[in-house]
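Scroll down for the structure; my scribbles are underneath it.
The values are calculated or read from the model by the stated rules, or taken from the named source; none is laboratory data. Being a predicted model, the structure only gives us computed values, none of them experimental. When we count neighbours, we look across all protein chains shown, and the Cβ atoms used for this are built from the backbone with ideal geometry, even at glycine. Side chains included, ligands, DNA and RNA excluded: accessible areas come from the protein's heavy atoms. Shrake-Rupley method; radii C 1.70, N 1.55, O 1.52, S 1.80 Å.
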Amino acid sequence: MSNMEKYFDASYIWSSFPALLPFLKITFLVAGLSIIFGTFFGLILASMKLGKNKVARKVANFYTTILRCTPSIVLLFLVYYGVPSIADNFGIYLHDIDTAVFVVITFTLQFAAIMSEVIRSAYESIEKGQFEAAVSVGLSPFQAYRRIIFPQALVVALPNFGNGMIALLQEGSLAYTIGLIDVVGKANLIIAANYNTHALEIFIALAIIYWILSILIEKGFGKLEKMFSKGKQTIKAT
Amino acid sequence: MSDGLNYKFLVDTFFVALSGVPITLFVTAVALLVALPLGFLLALTRINQIPILNTFSQVYVSFVRGTPIIIQIFIVYASVPLILTAITEKYNWNIKIYDINPIWYAFIVFSFSTTAILIEVFRSALSTVSKGQLEAAQAVGLTNFQAYRRIVIPQALVVALPNICTATVNLIKATSLGYAMSLQEITLKAKVAANVGYNYVEAYLDIFLVYIILCSLVEYGFKLYEKRLRKYQYVSS
Amino acid sequence: MLEIKDIHKSFGKNEILKGVDLTIDKGDVVVILGPSGSGKTTLLRCINFLEKADSGKAAFGELQVDLHSASKKDIHAIRQKTAFVFQSYNLFNNKTALENVTEGLITGRKVPKTEANEIGKKALDKVGLSDKYDSYPSQLSGGQQQRVGIARAVALNPDIILFDEPTSALDPELVGEVLTVMKNIANEGTTMLVVTHEMSFAKDVAKRVIFMDGGVVVEEGTPHEIFVSPKEERTKKFLKRVLPEDYTFYI
């Protein structure tokens with residue numbers, strides 16, 4: 001195995017962390033913006049799916065199906081090449097803007113589709129009787145949503161929201177393909193600077209970073225769920 | 001650049017992208033063939049709390065779910081040649097490691113990740129079949145194996161099917177990352193065609209279309225199969 | 001025909017069975033009564049190895065087994081001689097009524113399919129479900145499901161059928177049809193060990209009644225002995241609680 005050591009040196013794993021970790025900033029920034037915008041558009045899509053307008057419902061469902069069938073990397077490149085060339089048609093020049101913008105657009109589109117399903121299923125899990133009871137004791141429809149429906153739906157939605165976030169974080173690792181220098185992008189730069197040696201160690205470091213992040217998100221959402229599920233027995237019993 | 005789409009290229013490349021479908025499906029099929037039985041067996045170790053295997057499955061699932069597939073690909077693509085080199089040098093075999101067809105790497109990576117996903121799918125499906133079903137089967141004289149094969153698995157399968165469908169669609173989508181192993185699948189083929197004249201928008205539109213058609217067909221197929229399996233679940237009054 | 005010696009079983013720190021003996025002769029209908037938590041169901045489940053007893057022996061005709069360390073072969077042999085009717089029916093959800101009844105015959109005992117179907121249909125006829133051969137459990141009422149459960153047990157032609165509170169999960173108006181079916185098969189000479197809360201069944205059908213409490217057999221005897229002149233204080237207290245004030249026995 002002595003030859004193996006020539007190619008694999010575990011110390012590279014540890015020494016690459018200080019170089020990689022600062023670039024999590026970019027990863028978080030891109031993911032955070034996609035989550036904020038994606039949740040917002042997801043809410044709109046969900047209300048289209050739950051609303052009475054047939055056309056809106058069809059459009060929203062069609063959008064979700066298409067997005068579900070599209071690999072992230074294909075969507076990423078479609079946005080990266082497609083958005084500027086569409087903009088060209090309107091005389092807007094977008095070829096020089098930051099790649100991060102394209103990444104955020106891509107994952108906003110994707111996260112909106114995920115969130116629309118999370119919100120829809122959470123809303124549908126709450127019985128109609130809850131709303132009717134709230135209105136019957138004199139709450140306005142808005143108050144009924146805010147004080148009765150939303151808190152219950154939130155508990156149902158939280159684990160799925162957490163899973164969506166983990167998925168987004170992982171799909172986001174593809175942003176390096178259009179030149180974003182996040183943790184993965186930086187890792188590839190380090191490897192290139194090493195003349196492609198010790199790539200494995202750097203990748204293992206990357207895997208460890210993502211693994212820990214995912215576990216933290218999962219644990220965090222578990223805690224949140226506990227915090228918000230005060231009335232959960234009642235939900236289960238109904 | 002704003003001279004619109006190159007329609008001839010769009011049509012031609014659609015067929016180039018389409019020609020990658022067999023490889024995509026081949027990798028998908030092999031990964032499923034490995035992952036379905038293996039995932040099921042490991043799910044059983046989770047359900048029955050078999051000491052060491054249970055913990056192993058837990059860590060395995062956590063790793064796969066916690067790391068991006070592209071990084072799993074990087075790791076396999078970087079580590080397998082190292083390991084093989086070490087082995088071949090030790091035994092003085094004369095194998096050219098860098099001649100290995102990339103499809104083997106694809107088999108390894110996608111079987112590895114799909115197995116973990118299916119462990120979770122089967123675990124949750126098996127836990128929906130009540131213990132009474134197994135007990136009743138044992139009580140009428142079926143062996144454990146017969147009870148699983150004839151009573152528990154058919155019921156768990158119905159529950160698992162929508163999730164197996166999702167896993168399959170995700171697997172097909174994930175094979176688009178085969179470019180990192182120079183796997184000649186849909187995405188890579190169309191991209192290479194686009195390199196000549198910088199027709200990237202057209203190429204990615206074609207790839208986009210092929211995946212939508214492919215995944216819609218798979219989803220439709222699963223729905224049909226599910227309907228057939230579900231025949232015993234009439235809406236009870 | 002069936003002899004159980006000194007069964008012990010604990011769940012964690014909770015000792016459920018504290019040494020129970022039991023003998024059942026061929027053709028007997030034995031009813032076990034007792035408050036919930038007295039270990040009746042656990043006793044039944046241990047006999048069929050649905051739970052593994054901590055210790056105890058069972059003699060089944062020629063077959064002698066240790067209830068704690070029986071081999072797979074012995075367990076299989078005992079299950080071939082017994083049948084079990086569950087409180088929650090546990091019909092196979094993915095099989096029709098007829099398939100539920102024939103599953104044990106065809107797969108477990110390798111009976112040819114045509115023969116098994118004939119036996120199965122006869123069993124379903126016996127419980128009054130001639131028109132439900134091809135219905136799935138989800139299409140049947142609780143009473144019908146439990147009757148299929150009984151047919152499934154009868155079809156195996158076992159030496160003994162174990163009934164675990166067969167009517168407890170049923171709506172009151174459906175209890176009657178199941179008890180009638182049980183009475184009928186008892187009259188045919190089937191050996192039955194029945195855990196139930198149905199006093200009328202115990203009174204009318206049982207040859208012997210066993211009263212269990214706190215993991216032991218408190219008292220046993222004929223229905224007359226138990227219901228009319230119970231000896232033990234615990235039995236009296238229990239009967240007072242479960243029987244109406246002015247309930248008198250005419251036997």
Residues (crowded, with 22+ Cβ neighbours inside 10 Å and away from chain B (no Cβ under 13 Å)) located in the range C:47-97: C:A53, C:G56, C:A58, C:L67
Selection count, the range C:18-46, where residues are among the charged types (D, E, K, R), in contact with a Gly (Cβ under 8 Å, 6 or more places away or on another chain) and surrounded by fewer than 17 Cβ atoms within 10 Å (Cβ to Cβ): 1
Filtered residues of the range C:189-223 (kept if part of a loop (DSSP other than H, G, I, E, B) and under 19 Å from C:G37 (Cβ atoms)): C:T196, C:H197, C:E198, C:G214, C:G215
Considering residues of the range B:182-218 that are assigned to a loop (DSSP other than H, G, I, E, B) and more than 23 Å from the chain's Cα centre (by Cα) only, the residue surrounded by the fewest Cβ atoms within 10 Å (Cβ to Cβ): B:Y198
Within the range C:132-142, tally of residues that are in contact with a Lys or Arg (Cβ under 8 Å, 6 or more places away or on another chain) and away from chain B (no Cβ under 12 Å): 1
Residue count for the range B:66-88, restricted to those that are open to solvent by 80 Å² or more (accessible area, probe 1.4 Å) and facing chain A (nearest Cβ under 7 Å): 0
Residue check, B:T24 within 14 Å of chain A (Cβ to nearest Cβ) and modelled with pLDDT under 90: no
Among residues of the range B:11-22, those that are in a helix (DSSP H, G or I), open to solvent by 50 Å² or more (accessible area, probe 1.4 Å) and farther than 16 Å from B:Y204 by Cβ, counted: 1
Test: A:D88 is in a helix (DSSP H, G or I), modelled with pLDDT under 90 and open to solvent by 20 Å² or more (accessible area, probe 1.4 Å): yes
Any hit, the range A:64-85, residues being open to solvent by less than 50 Å² (accessible area, probe 1.4 Å) and more than 13 Å from chain B (Cβ to nearest Cβ): no
Members of the range C:175-185 found to be open to solvent by less than 40 Å² (accessible area, probe 1.4 Å) and either closer than 26 Å to C:E51 by Cβ or among the polar types (S, T, N, Q) (or both), listed by number: C:V178, C:M182, C:I185
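To keep it simple, each residue is scored yes or no on (1) within 14 Å of chain B (Cβ to nearest Cβ); (2) in contact with a Leu (Cβ under 6 Å, 6 or more places away or on another chain); (3) surrounded by fewer than 24 Cβ atoms within 10 Å (Cβ to Cβ); (4) not in a loop (DSSP other than H, G, I, E, B).
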{"site": "C:T114", "(1), (2), (3), (4)": "no, no, yes, yes"}
{"site": "C:G120", "(1), (2), (3), (4)": "yes, yes, no, yes"}
{"site": "C:A123", "(1), (2), (3), (4)": "yes, no, no, yes"}
{"site": "C:S130", "(1), (2), (3), (4)": "no, no, yes, no"}
{"site": "C:Q144", "(1), (2), (3), (4)": "yes, no, yes, yes"}
{"site": "C:I150", "(1), (2), (3), (4)": "yes, no, no, yes"}
{"site": "C:N157", "(1), (2), (3), (4)": "yes, no, yes, no"}
{"site": "C:L170", "(1), (2), (3), (4)": "no, no, yes, no"}
{"site": "C:E173", "(1), (2), (3), (4)": "no, no, yes, yes"}
